[in-house]
Amino acid sequence: MRPPMTDDELMHFGIIGMKWGRRRYQNEDGSLTPAGEARYGKKPSFLTKHKNKKKMAKVRAAKEAKQKAGNEYKEADSKVKDLGDKDLNNRIDRLKKEKEYKQLMNEVRNPGKAAVKKAMREVGVKLLTNAATKVGEHYVNQFLKKRGIGVNEDAKIDKQMKKLNLEMKKLQVEKMRKGG
């Protein structure tokens, strides 16, 4: 028998060492601990059972469809020798169309991915072209230096051409002024 309670006492009848807000037989995600499973047993609710049945039906249907498709291809492989040219061409056309459809659907589903691939390809081509050009120029310059042909001579010729072009433009401007 317990002694009578007074106003200055606080009694707690919980479990010693138990943390506040924690369930004894339940994890934080709501699933049962091994002790909870032993105490309550596995008793899934009606909704859980119903969802599992639906999921299992979908899984079974997918497996059956996959097996049917596999069986059709196996049967088709065994009958390929018996097929005529027309039937064989029809099957080949069908497979090509399926492949093309998959590619198109990937592009439709992932337009960003296709755009990124295209951009990366273009950038890669430009970078490789520039790199190859620079490497080619380097080796050509080395080859010319070994042969005694200086690249500076080409630069001199370019300067002379620019000077001649400027002089021709000046002459054309002067003719226009005189004629106008």
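Only the coordinates and a few stated rules stand behind these numbers; no lab work does. Values in this document were obtained by computation on a predicted structure and should not be read as measured data.
Stretching Asn130 away from Asp93 to a fully extended chain increases their span by 9.1 nm, per 0.36 nm per residue minus the current alpha-carbon distance.
Computed from backbone phi with θ = phi - 60° and the Karplus coefficients 6.51, -1.76 and 1.60, the 3J(HN,Hα) list for the stretch 25-40 is 10, 9, 6, 4, 7, x, 6, 7, 6, x, 5, x, 5, 5, 6, 9 Hz; x is used for glycine and proline.
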